[in-house]
Amino acid sequence: MIFDFDGVLIESEHVGNAHIARYLTGIGHPISVEESMARFMGLAGIDFIAAVEAQIGRPLPEDFAAARAAEDDRVMAEGIGAVAGAVGFVLGLPADLPLAIASSSSTRWIRRHLAHIGLADRFGDHLYSGREHVARGKPAPDLYLHAAAAIGVAIDRCVILEDSVVGATGAVASGAFVIGLVAGSHCGPGHAERLRLAGVNAVADDFGQVVALLA
């Protein structure tokens, strides 16, 4: 089983996009948190920068990277809580079930917040980053294929949990069974339908529904 991280296991999407919205609004490009999530959620690295610059119609100011780094440092120090039901779900999975995380975030970020919510031991070293482990991050399927190979499971026998349209697009393209999870606080009205349009096999409102889908 392969998990996205931000918005699936931890409640980070609203936090991160709130900072992006504040920054862009502050430099004269007003955008709401909801609009930021709709446009940028699931992207990382040069793809994220390209999307933001396309949104504002110009290069980002030189201080953007420093502002993002400072926000990341603050959040890393404080920790981010788990999505409702996520910890119990993971701990309730069979101990011999191969698990991995496939995220657009760095492995440093993943490891820090897994420790914060008490799940560091469950995933071991199977933490895979679109920034570090593949040449093409989401929405390409490469990261999911990499994670599946690393845990020794054929991709068509894997279940992937994803919350973003960008992530779901790549997950569907990988050939796995994809569940669109809308349990996070960032998943507003219409988000489930956007995931369906991205081609997910099923949508779950919470981890209880994920359990039912896997039964």
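Read the figures in this text as sums done on the coordinates, not as results from a lab. Being a predicted model, the structure only gives us computed values, none of them experimental. Note that each Cβ is placed from the backbone with ideal geometry, even for glycine, and that neighbours are counted across all protein chains shown.
Taken one residue at a time, the phi angles of segment 143-155 give Karplus couplings (6.51, -1.76, 1.60, θ = phi - 60°) of 5, 5, 5, 4, 5, 4, 4, 5, 8, x, 10, 4, 4 Hz. Gly and Pro are set to x. Overall, segment 92-164 carries a charge dipole of about 260 debye about its Cα centre when +1 sits on the Cβ of Lys and Arg and -1 on the Cβ of Asp and Glu, all other atoms neutral. With coordinates expressed along the principal axes, the C-alpha atoms belonging to segment 151-211 extend over 36, 23, 15 Å, beginning with the largest. As a rough guide to protection, the peptides 160-173, 124-137 ranked by mean Cβ packing within 10 Å, highest first, stand as 160-173, 124-137.
Note on residue 56 and residue 149: their simple-model spin labels are 3.7 nm apart, each label 7 Å out from Cα toward Cβ. For segment 13-78, the Cβ-based charge dipole about the Cα centre amounts to some 180 debye (Lys, Arg positive; Asp, Glu negative; other atoms uncharged).
Restricting to DSSP H runs of at least four residues, report the calculated mean residue ellipticity at 222 nm for the chain, -39500 (n - 2.57) per run over all residues, nearest 500 deg cm²/dmol. All intermediate terms of the calculation are to be shown ahead of the outcome.
Working: 11 runs with 106 residues, N = 215.
Calculated at 222 nm, the ellipticity per residue is -14500 deg cm²/dmol.
When Rg and the Kirkwood Rh are both derived from Cα coordinates, the Rg/Rh ratio for segment 13-78 amounts to 0.93. Residues in segment 1-32 near a label at residue 93, defined as backbone nitrogen under 20 Å from the 7 Å Cα→Cβ point? Answer for segment 1-32: 1-13.
Counted over the chain, the DSSP beta bridges are approximately 5% antiparallel.
Any idea which of 9, 210, 98 is furthest toward the positive side of the dipole for the chain, if Lys and Arg beta-carbons carry +1 and Asp and Glu beta-carbons -1? Highest projection toward the positive end goes to 98. Here the dipole of the chain is about 220 debye; that uses its Cα centre as origin and unit charges on the Cβ of Lys and Arg (positive) and Asp and Glu (negative).
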